[in-house]
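What follows draws every value from the coordinates through simple rules; no lab data is involved. Values in this document were obtained by computation on a predicted structure and should not be read as measured data. Please note: Cβ atoms are built from the backbone with ideal geometry, for glycine as well, and neighbour counts cover all protein chains shown.
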Amino acid sequence: MNQGVTLLCVERARKKLYQVQKKYGFLTHPKVIEQSKKLDDLLNHYQTCRSDH
């Protein structure tokens, strides 16, 4: 995944995290934690892409 695509995925994952948190209400809900981890993975990948260039 290139840097631009990764950034787009980060924004989508961030929006989904807000939606999931709004739906389930608690930051400790398993669905919220799962989405948060997905966002973290994408952010880590994006950071790696940036440092490689």
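Numbers for the structure displayed
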quantity	calculated
Theoretical ellipticity at 222 nm over the chain - DSSP helices of four or more residues, -39500 (n - 2.57) apiece, nearest 500	-29500 deg cm²/dmol
³J(HN,Hα) computed for each position of the stretch 13-20 - Karplus, 6.51 cos²θ - 1.76 cosθ + 1.60, integer Hz, glycine/proline x	5, 5, 4, 5, 4, 4, 5, 5
Residues listed by number, the stretch 31-53, amide nitrogen under 20 Å from residue 14 label point at 7 Å toward C-beta	32-52
Leading residue at positive end of dipole, the chain (Cβ point charges), from 7, 36, 48	36
The stretch 3-52, dipole about Cα centre (Lys/Arg Cβ +1, Asp/Glu Cβ -1), debye to the nearest 20	320 debye
Semi-axes of the equivalent ellipsoid for the chain, Cα gyration tensor, largest first, Å	25, 10, 6
Projected label distance in nm at residue 5 and residue 22, using a 7 Å step from Cα toward the beta-carbon	2.9 nm
